[in-house]
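Right, one structure below, let's go through it.
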Amino acid sequence: MILHLKTTATEAQAKQVAAATSSVLFHDSTRHVLVTPSKLKSAPTQFESLIDSAFVMDNDLQLGSRNYIDHTRSVKVGSVEIGGNTNNTILIAGPCSVESEEQIRESATFMKSLGVTALRGGCYKPRTSPYSFQGLGLEGLKLLSKMRDEFGFSIVSEVRDATHVDDVIEHADVIQIGAKSMYDHGILRACAKTNKTVLIKRGFGTTLQEFAQAAEFVLSGGNQNVVLCERGIRTFETKTRFTLDLCGVAWLKEYTNLPIILDPSHALGYRYGISDLSKACVAMGIDGLLVEVHPNPEVAKSDAAQQLHHDEFTQLIQAIKPVAAAVGRTIV
Ligand SMILES: [Mn+2]
């Protein structure tokens, strides 16, 4: 259950209700909000005079639930709003990894020429092998900051573990929590303390309920700027890298109030079908699309097989625009 306290309730009173109901407490800038364990179905009568409204939930999908907020929340990606009253589908694009200043500048120059406003690039790579390229770390984040300053992008970059979460929060506009890190409570709690937008990727073995509950850690810590990103789950199929779960996207749209971004690149794992998949994603009326693009994918230090060449990405944008228009959305 979610309890909104009256704006006149003091911090001490809020803490008292929280202790009595075993609730998580945060302040959403207008009022104290308490989230009780979902088994609590009615507000305790002794605190009735402090409570403004109560929302009863049937499970621990609470702050992110449509039963709490019956529309998609408005969240900012840099200066661009998604969700809320907008029909925006934001394009987030760039290389898998920041590899050098020349490479990221070439990417940035190209993205700017296409009107892309959100540049992505990994600096701490959660690789499956310790012998693969691990990313440039802080040096990479500084290069991304430089690209923001020079070109005006918002920067999307990934956190791999809690040791550098503060560096990513400092340098990025959108903190991406990777599929392999979304259970890391150190990262989730650190992201809850900032107001920057947090993009949570679904783990490839994560159920939809677990995925939505990862977002609850950030929301209940006080940061309401959360978006969910489906990027493929592991199935019996081995011909593609993962299986993009569009059924799961339908569920997320129906039951959660968070903007949804899709990542076809990591799902398929190969260049050849990214454009077709992107059209399918956009047709679902999603809030954003995240695509890996590299100036020279053949020599990319990570995810070489799936990153698009620049001309392929130009064609992808042309391909998705009429699909977006057909479902009443605008690519931004
Ligand atoms: Mn990648």
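May I ask for the net charge around M284, where only other residues with Cβ less than 13 Å from the Cβ of M284 are counted and Lys, Arg are +1 while Asp, Glu are -1?
-1
Taking other Cβ within 10 Å of each residue's Cβ, how do E99, E292 sort, fewest first?
Ascending Cβ contact count within 10 Å gives the list E99, E292.
Once each part is reduced to its C-alpha centroid, what is the distance from region 15-74 to region 245-305 in angstrom?
Result: 34 Å between the Cα centres.
Below 11 angstrom from the Cβ of I92, what's the summed charge of the other residues (Lys, Arg +1; Asp, Glu -1)? Could the numbers behind the result be given before it?
On the way: positive: R120; negative: D173, D263, D287, E292.
Every neighbour counted, the sum reads -3.
Quick check: net charge around D52, other residues with Cβ under 9 Å of its Cβ, Lys/Arg +1 and Asp/Glu -1?
So the surrounding residues net to +2.
For every helix of n ≥ 4 consecutive DSSP H residues, a contribution of -39,500 (n - 2.57) applies; sum these over the chain, divide by its total residues, and give [θ] at 222 nm rounded to the nearest 500 deg cm²/dmol. List each step's numbers first, then the result.
Details: 10 runs with 109 residues, N = 332.
Dividing the helical sum by the residues of the chain leaves -10000 deg cm²/dmol.
Let me check against my output: what whole-number percent is the relative contact order of the chain, with C-alpha pairs under 8 Å and at least 6 apart?
Working: 715 pairs, mean separation 55.7, N = 332.
17 percent.
Using modelled backbone amide H atoms (1.01 Å from N, in-plane), which distant-in-sequence or interchain residues come within less than 5 Å of V293's amide H?
Long-range HN contacts for V293: G94, C96, L308.
In degrees from 0 to 90, rounded to the nearest 10, what is the angle of the helix 208-220 Cα long axis to the longest principal axis of the chain?
The two axes meet at around 70 degrees.
Holding the Cα-Cα limit at 32 Å, pick out from K142/K253; K39/K180; K142/K193; K112/K301; K239/K279 the pairs that are longer than that. Provide the component values of the computation, followed by the final result.
Values: K142/K253 35 Å; K39/K180 30 Å; K142/K193 22 Å; K112/K301 23 Å; K239/K279 21 Å.
Cα-Cα > 32 Å for K142/K253; rest within.
Please sort by residue number the chymotrypsin sites (Phe, Trp or Tyr not before Pro) in region 228-332 whose DSSP state is loop and whose Cβ has at most 14 other Cβ atoms within 10 Å.
Those satisfying the criteria are F236, Y270.
Please work out the Kirkwood hydrodynamic radius for the chain, using every pair of different C-alpha atoms, and report it in angstroms with one decimal place.
Answer for the chain: a Kirkwood hydrodynamic radius of 20.4 Å.
No value in this document is a laboratory result; all are computed from the given coordinates. This is a predicted model, so every value here is computed, not measured. FYI the Cβ positions are ideal-geometry reconstructions off the backbone, even for glycines, and counts take in every protein chain you see.
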